[in-house]
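Worksheet for the structure shown next.
The values are calculated or read from the model by the stated rules, or taken from the named source; none is laboratory data. Predicted model only: the values in this text are computed from it and were never measured. Because the Cβ atoms are built from the backbone with ideal geometry, glycine has one as well, and the counts that use them run over all protein chains shown. SASA here: full protein model, heavy atoms, side chains in, ligands and nucleic acids out. Shrake-Rupley method; radii C 1.70, N 1.55, O 1.52, S 1.80 Å.
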Amino acid sequence: MHLILFGAPGAGKGTQGALLSECLGLPKIATGDILRDAVRDGTELGRQANGYMDAGELVPDPVIMGLVRDALHSPDAVDGAIFDGFPRTQPQAEALDKIFADLGRDLDAVVVIEVPDDRIVERMSGRRTDPETGSVYHLKHNPPPPEIARRLMQRPDDEESTVRRRLAVYREQTEPLISRYQRAAVPIHRINGSRGIEQVQRDILGALGC
Ligand code: AMP
């Protein structure tokens, strides 16, 4: 099964993608996570991506397509994958169609996690990541165990002005892709992402018939 998770930054794609990956036994291909690892490790990819990410802008399409192509060719992904944060632009969506055609694969479903902008800003200002495991917490809505709390970090791109820029980029460039998949008759499942993590997960699994 190949599944795309859409949703504004902070809508819960990372959290829900990780839960889905566990439930469905499929790898999560999260381009943002791959880029953050590259920045942390100081690789050439990280050097190329860093400035765009800190400004809340998109990393150029050719860089992203290289990552996704590699991830989809990995043996882990022979039975499918869950895309989190990809595709984000029209050229990325077109390139993904071509990779699927080359590999003889199909997109099975699109899940859209819907959360209003004001709620997103409130959520992201409290979002913290565990640098050791990559787990994501929220100081108010999903507090970490005390032994983890002291090592949590805030992503630089979770600061309010950058969050607002990322939201604008999502609304302008990424959200229109949903109607593209609708026109291609891919099943689209719209999920109310303003509720608790478990409720949202139940709704997503229910919609996918898992
Ligand atoms: P995310 O964790 O998915 O919100 O991604 C964090 C940042 O990484 C984004 O604001 C972009 O700068 C970059 N990024 C992640 N995925 C993509 C993508 N598919 N296309 C372009 N830039 C991306």
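Some notes on this structure:
- Close amide H partners of Arg190, meaning residues 5 or more places away or on another chain with modelled amide H under 5 Å apart, are Val112.
- If the chain linking Thr43 and Glu175 were pulled fully straight, counting 0.36 nm for each residue of separation and taking away their Cα-Cα distance, it would gain 44.5 nm.
- For Lys28, a cut-off of 16 angstrom between C-alpha atoms picks up these aspartates and glutamates, skipping any fewer than 8 places away in its own chain: Asp37, Asp70, Asp76, Asp79, Asp84, Asp108.
- Length added when fully stretched, Met153-His189, from 0.36 nm per residue minus Cα-Cα: 9.7 nm
- For the chain: accessible area per residue (Å², 1.4 Å): 50
- Neighbourhood charge, 15 Å Cβ-Cβ cut-off, centred on Gly25 and excluding it, Lys, Arg +1 and Asp, Glu -1: -3
- Under a model in which nothing but the beta-carbon of Lys, Arg (+1) and Asp, Glu (-1) is charged, segment 1-93 shows a dipole of about 160 debye around its Cα centre.
- Largest GNM mean-square fluctuation among Leu177, Leu139, Leu167, using the chain with Cα springs under 10 Å: Leu139.
- Once exposed loop trypsin sites (Lys or Arg not before Pro) are cut out (DSSP; at most 14 other Cβ, 10 Å), longest piece of the chain: 1-139
- Extension gain for the segment Arg165 to Glu94, taken as residue separation times 0.36 nm less the Cα-Cα distance, is 23.1 nm to one decimal.
- Comparing Ile148, Ile197, Ile113 in a Gaussian network model of the chain where C-alpha atoms under 10 Å apart are linked, the largest mean-square fluctuation is found at Ile148.
- What the Cα convex hull of segment 111-159 gives, in volume per residue, is 98 Å³.
- Here the relative contact order of segment 97-162, from alpha carbon pairs under 8 Å that lie six or more residues apart, stands at 28 percent.
- With every protein chain in place, the chain: carbon and sulfur % of accessible area (1.4 Å): 50
- Calculated P(r) of segment 78-185 - Cα pairs past 18 Å, %: 61
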